[in-house]
Structures are given as C-alpha cells and as structure tokens.
Amino acid sequence: MNIIRRVENGVLILELSGKLYTPTASLLQKEIQTSLKETKNIVLDFRNVEFLASSGLMALLNAQKAVSQAEGKMVIKNVNYSVMNVLTITGFASFLTIEKE
Amino acid sequence: MKKKLQKWLLLFFLISFCATSALTYVAQTKLAERTAVLTIKTRINYLRYQIEAHEKSVLSLSKKIKEILKEKAANLALNLKSNPELAKDETFLNTWKSNNDLEEIQIFFPDSPKPIPDIKIPSDQKKKSAGETVFLTEAPCENKDSQKLSAYAPWGSDNRLIRVSFSCNKYQDFMEDLSIEHLSANLKLDNYGRGSMMIARNGKLISDGNLALTKQDLHDSGVLRKMYKDDEFHRIWNKKSGTYHAQIHGKKVFFYFEPYKNYMFLGIYFEKDLYRNRNKVLLFNITFLLILFLVVYVLMAVVLDRMVISGIKKINDSLKKITNGDLNEKVRVTTNDEFISLSDSINSMVDGLQQAHQESLQRINHELQLAYKIQTSQQPAVFPAFPDQNKIDLFALSRPAKEVSGDFYDFFMLDGDPSRLAFTIADVSEKGIPAALFVMTTRALLKNLTNMGYSPAEIFNRINRQLKEDNKINMFVTAFMGILNIDTGKLVYVNAGHMPPYICRHNGKFQQLEVDPEFVLGAIDHDYQQHEIQLNYNDTLFLYTDGITEAEDRNQTLFSQERLEKLINENPADSVQDTIFKIKSAVEEYEKGCEQSDDFTMLALRYLKNRLYLPARMDKIDEAMTFVESMLQNHSSAHTYDVLIAVEEIFSNIAKYAYPDRTEGGFVDISCAIGGDPVFISITFTDSGIPFNPLDRPDPDITLPLMQREPGKMGLFMVKKMMDSVTYTYQNAQNVLTIRKQL
C-alpha cells in the first residue's frame with residue numbers, strides 16, 4: 001500500500017492506494033500517529049483503496065481513537081462500493097466520518 | 001585402370017622398341033658382313049686374275065729356262081766333242097756346273113761305269129749331232145721335290161750323252177718369291193686400312209696381309225679347320241668358301257675364305273672395323289627410335305586418356321554416385337559414339353531403377369504413413385486434454401524422425417478413478433517400424449498395468465520383465481512415468497534410465513527433478529524404486545526425450561541441456577503449450593539446414609488444482625489471495641472481493657494464532673472447488689495448529705461506538721457475514737474450516 005501526503009487548504013490529506021489489510025495496516029497507523037504531531041485534522045482519501053480487511057478496520061479504529069483524543073477530526077472520502085460494504089457490515093460506517101461525493 | 005592401361009602401353013612400346021632395335025642390329029650386322037664378303041670377293045677375283053697372269057708368265061719363264069738349259073747342254077756337248085778329255089776332268093765339270101748355276105752334270109759314254117739311262121729319245125732327234133740338244137724332262141715340275149728339270153745332249157757317236165739339270169724346287173721357289181712380293185703390294189682391302197687379305201698356297205701362308213700372323217695363329221683361332229677338308233696338315237682345301245668368326249690375340253675377327261686351285265684366299269676384318277658403320281647406324285637408329293617411340297607413347301597416352309579413360313572415369317564417378325543412392329545422377333560422356341551409347345544405356349537403366357525405386361518408396365511411404373497414423377491415433381493429441389476440469393494443464397508433442405517414432409508420450413485418467421492421472425514419456429533405442437512395434441507393446445502394457453491399479457514401480461517391474469522376455473533384438477526403452485492425484489497433488493513417479501524431468505515450483509525456476517537414474521526397460525532384471533512428491537498450485541513438470549538435447553546444427557554441435565534450461569527458464573510462467581511450441585521452434589531453427597537427427601517428444605504438465613500448501617506465515621498471505629483470485633478468474637463475479645476478504649481474514653487468523661508454540665510455524669492447506677449451478681466456490685482451510693472453532697465465538701456488537709470496541713474480533717465476523725456458509729470441523733488433529741459462496 002502506498003500513502004501520499006499532501007496539504008490542501010491547511011488540511012493534511014493522506015492518499016491511500018492498494019490493499020489495506022494485515023500486512024499494511026500498521027503502515028497507516030504509524031502514518032496517522034506521525035501526522036497528529038503536526039495537525040489535528042486529517043483527510044483519508046480512499047479513492048485508490050481496493051481492499052479493506054478487518055486489520056485495516058482496526059487501523060482505522062485506532063486512528064479515529066487517536067484523532068479523537070487529540071480533539072481533531074478524521075474524514076474519509078471517496079470510498080468505493082466494496083469497501084463501503086465492509087464498513088457497513090461491521091457498523092463502522094455509522095461511527096466514522098465518511099464524506100460522500 | 002588408367003595406370004594399368006599406361007603400363008600395358010608402355011610394355012607394348014618397349015617390346016616394339018626392343019624388337020625393332022634387334023632387327024636393325026641383325027640386319028646391319030648381316031649387311032656389314034655381306035659388304036665385307038663382297039669386298040673380299042672383289043679382291044679375290046682381282047687376285048685370281050693376277051695369279052693367272054702370273055702363272056702365264058711363270059709358264060713362259062719356264063719355257064725360257066728350258067731353252068737356257070738346252071743351250072747349256074748344247075754348249076757343254078760342243079765343248080766335250082772338241083775336247084773329249086774334258087769329259088773326265090772333274091775340275092772342269094764342277095767349274096762348269098757352278099758357272100752355269102746347274103744342279104747336276106752327268107756324262108755318259110760307252111765305257112763309263114754309269115749305265116746309259118734308257119732314254120727314249122724321240123727318233124727325229126736321234127740323228128742330232130753334237131751341239132744339238134734334246135730336252136727331256138720327266139714331268140711338269142710340280143709337287144715333286146726330287147724332280148729335276150734336265151736336258152740331254154749327244155756329244156759324239158756311240159751314244160755319248162750329257163745331261164745337265166736344274167732343280168725343280170729351286171726354280172719354283174724363285175717363282176713364288178716373285179709372286180708374294182707382287183701380290184702383297186695390294187693386301188689392304190680398302191683405302192682406310194680396314195681389312196686385309198691373306199693368301200696361302202699349298203698349305204703354306206704366303207702372305208699374312210701385314211698382320212704379322214702365323215699359321216699357328218690361324219690354327220689356334222680354328223679357321224684352319226674350316227678351310228681344310230680334314231686337317232690343316234693335308235693340303236686338300238675344302239671346296240667350299242665360307243665365313244668364320246674367331247678370336248686372334250684377344251681381338252674378334254671376321255674371316256671370309258675361298259679356295260682357288262692350290263690357293264686359299266683369306267679375307268680378314270677386325271670386328272671393330274667391320275662393325276664400325278653398323279654401330280653408328282645402330283646408335284642413330286636406336287636414338288631416333290627411342291625419341292619416336294617416346295613421343296608416340298606420350299601422344300597415345302594423352303589421346304587414350306582424352307578419348308577413353310576420362311570418359312570411363314566420368315562414367316565411373318557417375319556410377320559411384322548412383323550406387324550411393326543418387327538416382328538423379330545423369331551420365332553424359334560425349335567423347336565418342338560408343339560412350340554416348342553407353343551413357344544412354346546407363347541413364348535409361350538408372351531411370352528404370354529410379355522408377356522402381358520410387359514405386360517401392362511410395363509403397364513403403366504409404367505403409368509408414370499407415371503405421372504413423374496407427375501410432376498417433378494411440379497417442380492422445382487433442383488439447384486441452386481434459387476440458388471438463390481445470391486442475392491440470394497438460395500439453396504434449398511428438399515429432400517423429402522417420403514417419404514412425406521411437407519416442408512416445410501418453411497420459412490418461414485411470415479407469416474408475418477420475419482423480420488420478422497417469423502420464424509417461426519414453427524413448428526406444430531404435431527408430432522406424434521395429435521401434436514403433438516395441439513402442440506399441442510398451443504402451444499397451446503400461447496402460448493395462450496402470451489401469452489395473454499397480455503402483456508405478458510395480459508397473460515398471462512388470463513391463464521390464466515382459467519386454468526382457470520377448471526381446472530378441474536387444475531393444476530397450478528409457479521411460480519416465482508418474483501418477484498424479486489431481487485432487488491432492490500427490491505425485492508418485494518412477495524413472496527407467498530416462499532424462500530426469502524439469503520441475504518448476506513456487507513460481508521459481510525449472511530445475512531437474514531429483515530422481516535416481518535407474519536401469520532402462522527391457523534389458524536386465526531390475527527392481528524399480530518409486531518416489532513421491534507433493535505438487536502445489538502452479539507447479540510445472542517438463543518431460544522430454546533426448547531428441548531435444550541431441551539435436552544437431554550444421555557443425556554437429558548439440559542443442560544441449562544448457563540451451564534447453566535457458567529456454568524454459570526465459571519465462572517459466574508461460575502456458576505449457578507455449579513452452580513446448582517455443583522449444584519446438586527453437587530446436588527446428590537450430591537444426592535448419594541439416595537432416596533431422598532424431599525424433600523428439602515433450603510433455604509438460606502444470607498442476608493448477610485448487611489447492612495450495614503454504615507455510616502459515618503472514619508474508620504468504622498474498623500467495624494465498626492470488627491463488628484464490630486465480631481460481632475465480634474465469635468466474636467474474638461481484639463477490640470476488642468478499643471471497644478474497646474472507647481468505648485474508650482466515651489466513652491471517654491462522655498465521656497469527658494457530659501455531660503459537662512453534663518458532664518455524666506450521667502449514668496451511670487451502671483447497672478450492674468451483675462448480676455447481678449456480679456456480680459456487682468452496683474454500684477449505686486446513687491447519688494442524690491448536691484447535692480453534694471460530695464459530696464458537698460470539699459476534700461483536702456492531703452497534704457499539706468504535707471507542708468501546710475491542711480490536712481483533714471483527715475479521716471472523718466479517719467472514720460469517722460475507723459468506724453464504726462457514727463450517728468448521730476438527731478431525732485428524734486438524735482444524736478444517738470451509739467457506740462457501742455463491743458467485
């Protein structure tokens with residue numbers, strides 16, 4: 001999985017691509033922890049995420065916890081149908097801030 | 001042939017040369033001798049003439065002598081008549097005798113003691129008085145030493161007589177001396193001093209031709225014996241003339257002798273003189289002939305070579321080509337009519353032969369085609385081989401060298417056991433029809449024994465025994481066979497002296513399968529050992545015969561194992577069909593321009609069965625997912641994503657928790673089945689880790705806010721949610737979890 005960082009209007013955007021699953025979940029977690037040292041608000045661009053497994057969900061959960069602790073805000077956008085399905089089944093969809101197109 | 005002809009030609013010329021030379025020698029010798037004889041004869045005629053002339057003068061001389069004698073007698077008679085006293089005066093008589101060069105004087109008178117010889121005086125002379133002489137001689141003065149030439153004269157009455165005598169011999173010697181001097185002036189036979197004349201008379205050599213020869217020399221040389229009737233001491237000449245070759249004082253001489261009256265003429269030539277001309281002529285002739293013959297010989301040899309030998313050689317070369325099987329060779333020798341007709345005959349013969357050959361070739365070809373058809377019809381050649389299942393991908397190809405092949409491959413599902421695939425590749429030591437028959441036997445045995453359920457080792461043991469028993473021509477087979485359980489991937493194989501196949505595992509490189517090179521089939525008793533390996537998803541086997549590695553290029557360099565390895569490893573992931581076609585065209589390209597040296601056969605098998613055996617490690621998770629993804633490749637479905645998530649969740653779960661005690665971890669066996677109508681996929685995960693039934697666990701409360709959730713419970717929940725069914729059993733100390741999803 002690749003993560004590209006970019007700042008747009010003072011907001012940090014992390015562009016994820018590839019599979020978010022067991023081998024890559026920790027990457028996302030680390031990235032968010034580093035990012036929180038600079039900013040509280042993070043946007044996760046899921047446009048190129050093709051696969052989301054439970055370990056990915058856990059990474060998102062931990063990220064959300066960390067952001068919340070820092071009183072920041074985490075937004076996920078551009079989620080495709082399959083990933084959305086996972087988020088829905090697991091009930092994550094209701095608790096994460098998912099921005100629809 | 002050319003050399004032989006030249007030898008004979010040379011021999012012929014040598015003989016001709018020798019014969020001509022010998023003939024010239026003889027002819028020239030005869031000519032020289034005849035010329036010599038002719039010269040001598042001419043001289044002899046001359047001598048004869050001289051002798052005759054001489055004899056005439058001798059005759060007239062003797063007449064004169066007789067007159068002189070008569071005169072002397074008359075004178076003495078007149079003296080005695082006038083002075084009878086003197087008749088008894090011896091002194092007077094002796095003086096008279098010597099003065100008149102007389103041999104003898106005798107006086108007869110009536111009272112003399114000497115009887116008056118009874119001389120018959122011719123009556124007309126009796127009346128003669130003193131001073132008148134009567135010449136009386138007893139005979140011609142020849143050959144009688146004692147004879148004398150005598151004259152009588154009366155010197156008074158009473159029969160008083162005197163006789164005065166010349167000795168005959170003395171007279172003759174005188175004559176002879178004259179003649180020798182006379183004749184010897186002309187004893188040389190020609191102006192160059194060659195040849196001499198010798199003259200003998202009455203057995204006495206009167207002229208030696210200035211050669212300082214004696215009668216003894218002539219005797220020693222043997223010529224005398226030829227000249228005389230009996231021996232040299234008789235004076236009777238042989239009446240014949242003749243020639244004689246002899247040696248005198250070490251020099252070769254040639255004689256011609258001819259008797260004449262009491263003479264013997266002897267012409268004599270030293271041979272070196274006699275033959276000088278002959279030798280000159282001979283030398284010239286021989287030199288000339290030698291050059292002539294050499295020129296003619298060389299000319300003839302060249303002409304013969306042009307006309308005959310080169311033609312024969314051309315024909316011979318063509319015949320050699322024809323004998324070596326080139327029936328398209330044409331003989332074209334147009335040197336002369338004979339060769340043209342010979343060429344035509346040979347050509348028409350070869351044409352006939354070629355026609356017959358073509359006919360028989362066609363027949364054989366037809367039969368070979370038939371044999372080829374039978375062989376190929378037995379060899380499965382329709383691909384994909386097993387279209388109704390996707391557990392294996394198999395391709396095979398055989399290229400025969402001589403219509404029928406000594407190679408073969410075979411593969412088939414065992415009768416009554418659709419999960420077991422038998423495959424084999426084999427190479428008979430020979431080629432052509434006999435090898436094909438051997439192949440058929442082997443193939444039939446192999447198929448029957450396999451279908452009877454024997455293990456590969458047992459199959460080979462039995463085939464070996466059977467082939468060995470019937471093998472009268474010492475053929476043998478190298479073979480590899482395997483039986484693959486396409487459900488489990490278990491491969492049992494046995495090798496009888498065949499090249500070890502290549503195997504490519506886990507998407508790595510092709511490497512030779514480790515297998516003992518056991519003994520070939522059909523030669524000796526042998527107990528074959530079988531081996532067993534586990535084939536995994538995407539493992540590929542490549543089997544081949546030595547026709548591949550031993551294909552030769554124009555320089556007779558082998559294609560070689562290295563080249564083959566390089567080629568199959570260029571892209572190990574190619575489909576088996578692509579791999580085989582790639583090798584085939586590479587080998588054919590390699591052989592371009594040479595006769596195909598061997599038949600070749602290849603068989604490649606890729607195990608695609610929906611089963612993956614993996615170490616239970618997190619880094620293998622992609623392999624597990626790729627495997628399942630490939631299973632779903634042909635079944636596009638909206639649920640692919642769900643299935644892959646399930647696989648990810650279950651595999652990571654096992655990797656994380658199933659083998660907590662073992663540092664190196666355990667294995668996971670993933671097997672897939674796709675089928676049914678509507679199509680569903682079923683995936684079974686088997687591990688021998690700690691027993692764990694995911695279904696026992698309560699589902700997490702998904703209504704809880706995220707902050708209150710525990711991590712790690714979500715995965716299996718997702719699986720249950722997304723799959724149509726999830727089942728778990730624990731059997732044989734293994735966790736068996738099966739998920740199922742309609743596609």
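A few notes on this one:
- Amide H contacts of B:PHE667 (H built 1.01 Å from N, in plane; Pro and chain starts excluded): B:ALA616, B:SER688 sit under 5 Å, all sequence-distant by 5 or more or on other chains.
- For the residue pairs B:LYS204/B:LYS226; B:LYS4/B:LYS313; B:LYS4/B:LYS314; B:LYS97/B:LYS148, the C-alpha atoms sit no more than 22 angstrom apart in every case.
- Efficiency of FRET from Cβ geometry, B:GLN556 and B:GLU338, R₀ 56 Å, rounded to 0.05: 0.80
- Simple spin-label estimate for B:ASN45 and B:SER348 gives 7.6 nm between the two label positions (7 Å along the Cα-to-Cβ direction from each Cα).
- Exposed loop sites, defined as GluC sites (Glu not before Pro) outside DSSP H, G, I, E and B with at most 13 other Cβ atoms within 10 Å, are absent from the longest region of chain B, namely B:143-513.
- Percent of Cα-Cα distances greater than 19 Å, calculated over the range A:2-99: 32
- Full-stretch length increase - B:MET707, B:THR488 - with 0.36 nm per residue and alpha-carbon distance subtracted: 74.2 nm
- Length, then width, then depth: along the principal axes, the Cα atoms of the range B:558-667 run 63, 39, 18 Å.
- When each of B:PHE408, B:PHE600, B:PHE109, B:PHE627 is scored by the number of other beta-carbon atoms lying within 10 Å, the sequence from fewest to most is B:PHE109, B:PHE627, B:PHE600, B:PHE408.
- Cross-linked pairs A:LYS37/B:LYS721; A:LYS77/B:LYS620; A:LYS40/A:LYS77; A:LYS30/B:LYS741; B:LYS72/B:LYS261: Cα-Cα separations exceed 27 Å for A:LYS37/B:LYS721; A:LYS77/B:LYS620; A:LYS30/B:LYS741; B:LYS72/B:LYS261.
- Karplus 3J(HN,Hα) series, Hz, for the range B:244-252 with 6.51 cos²θ - 1.76 cosθ + 1.60 (x for Gly, Pro): 7, 9, 8, 10, 10, 6, x, 10, 7
- Across the alpha-carbon set of the protein assembly as shown, the Rg to Rh ratio works out to 1.72, Rh being the Kirkwood radius.
- The relative contact order of chain B, computed from alpha carbon pairs under 8 Å that lie at least 6 residues apart in sequence, is 7 percent.
- Annotation: amide H-H contacts under 5 Å for A:VAL49 (H modelled 1.01 Å from N, sequence separation of 5 or more, or interchain): A:GLY18.
- Once the convex hull of all Cα atoms in chain B is built, its volume per residue stands at 360 Å³.
- The order of B:TRP96, B:TRP8, B:TRP155, going from fewest to most other C-beta atoms within 10 Å of their C-beta, is B:TRP8, B:TRP96, B:TRP155.
- Model label sites at B:TYR730 and B:GLU589, defined 7 Å from Cα along the beta-carbon direction, differ in position by 6.0 nm.
- Separation between Cα centres of the range B:581-632 and the range A:58-84, rounded to whole Å: 45
- Estimated translational diffusion coefficient (Stokes-Einstein, Kirkwood radius over Cα pairs, 4 °C, 1.567 mPa s) of the range B:266-359: 74 µm² per second.
- Least to most buried among B:LEU605, B:LEU213 (fewest other Cβ within 10 Å first): B:LEU213, B:LEU605
FYI, it's all coordinate maths here, none of it is from the lab. Everything numeric here is computed off the predicted structure, so don't read it as measured data. Please note: Cβ atoms are built from the backbone with ideal geometry, for glycine as well, and neighbour counts cover all protein chains shown.
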